[in-house]
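The values are calculated or read from the model by the stated rules, or taken from the named source; none is laboratory data. Not measured: the values here are computed from a predicted model. Don't worry about glycine lacking a Cβ; one is built from the backbone with ideal geometry, like all the others, and counts go over all protein chains shown.
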Amino acid sequence: MALPETLVAEFDRMVQKYPERRSALIPAIHRCQEELGGWVSPETMEDLAAYFGLEPVDVYGVVTFYPMFRTKPPGKHVVSVCHNISCDLRGAEGILAKVCEVTGAKVGGTSADGKFTVERVECQGACANAPMFDLDGVYHEDLDDAKVAKILGGLQ
């Protein structure tokens, strides 16, 4: 197993909090994605399967079912544009188009330079300040094209 010892130790503590060992799989996938480059590689899925006593296809099924897990490396910056009703009614599609224009990334993809990954996501709970996006874990609200260009244009 190639999982870092620190993660394995964390998983050992984590599984004790659940009635069944495999119940800790989703939190373990989150931790792997956080610690191992922002995505879940095939090798990581195999290691998780071995740790939890599952078949690799079982872990793959969980990783590919939930949209918050990535199966390929993201760009340096991840822009997650909300498209639920409040954001949509207040211009989310235009914001998404502007994000793609500024970053050079298509929705669900990464820019050729590896700098940006753009995602369309479900409600982020910032409806009162729609439209919005999450950029590397930070909310940016009440967006318009000028704000999008300013926020994303200055990133390295």
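Here are a few things to note about the model shown:
- Subset of the stretch 26-67 that is within 22 Å of Leu155 (Cβ to Cβ) and not in a helix (DSSP H, G or I) - its residue that is farthest from the chain's Cα centre (by Cα): Gly37
- Test: residue in the stretch 38-60 that is out of contact with any Phe, Trp or Tyr (no Cβ under 9 Å at 6 or more places or on another chain), closer than 25 Å to Leu135 by Cβ, surrounded by fewer than 16 Cβ atoms within 10 Å (Cβ to Cβ) and not aliphatic (A, V, I, L, M): yes
Conditions (1) out of contact with any Cys (no Cβ under 7 Å at 6 or more places or on another chain); (2) more than 28 Å from Arg31 (Cβ to Cβ); (3) without any contact (Cβ under 8 Å) to a residue 24 or more places away in the chain, marked per residue:
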residue: Thr71; (1), (2), (3): yes, no, no
residue: Lys76; (1), (2), (3): yes, no, no
residue: Asn84; (1), (2), (3): no, no, no
residue: Glu101; (1), (2), (3): yes, yes, yes
residue: Lys106; (1), (2), (3): no, yes, yes
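- Top-ranked residue of the stretch 107-156 - restricted to ones that are of a type in the set (Gly, Ala, Ser) and under 17 Å from Leu96 (Cβ atoms), ranked as surrounded by the most Cβ atoms within 10 Å (Cβ to Cβ): Ala130
- Residues located in the stretch 65-104, provided they are among the polar types (S, T, N, Q), modelled with pLDDT of 95 or more and either within 20 Å of Ala130 (Cβ to Cβ) or in the same structural domain as Arg22 (by TED's automatic domain parsing) (or both): Ser80
- Residues in the stretch 9-25 that are out of contact with any helix residue (DSSP H, G or I) (no Cβ under 7 Å at 6 or more places or on another chain) and in a helix (DSSP H, G or I) were compared, and the one that is surrounded by the most Cβ atoms within 10 Å (Cβ to Cβ) is Ser23.
- Taking each residue of the stretch 22-44 that is assigned by TED's automatic domain parsing to the domain that holds Glu10 and looking for partners that are charged (D, E, K, R) and surrounded by 17 or more Cβ atoms within 10 Å (Cβ to Cβ) with beta-carbon atoms closer than 6 Å, six or more apart or interchain, yields Trp39/Arg70.
- Qualifying position, being without any contact (Cβ under 8 Å) to a residue 24 or more places away in the chain, among the hydrophobic types (A, V, I, L, M, F, W, C) and more than 28 Å from Leu36 (Cβ to Cβ), among Ala92, Ala112, Ala97: Ala97
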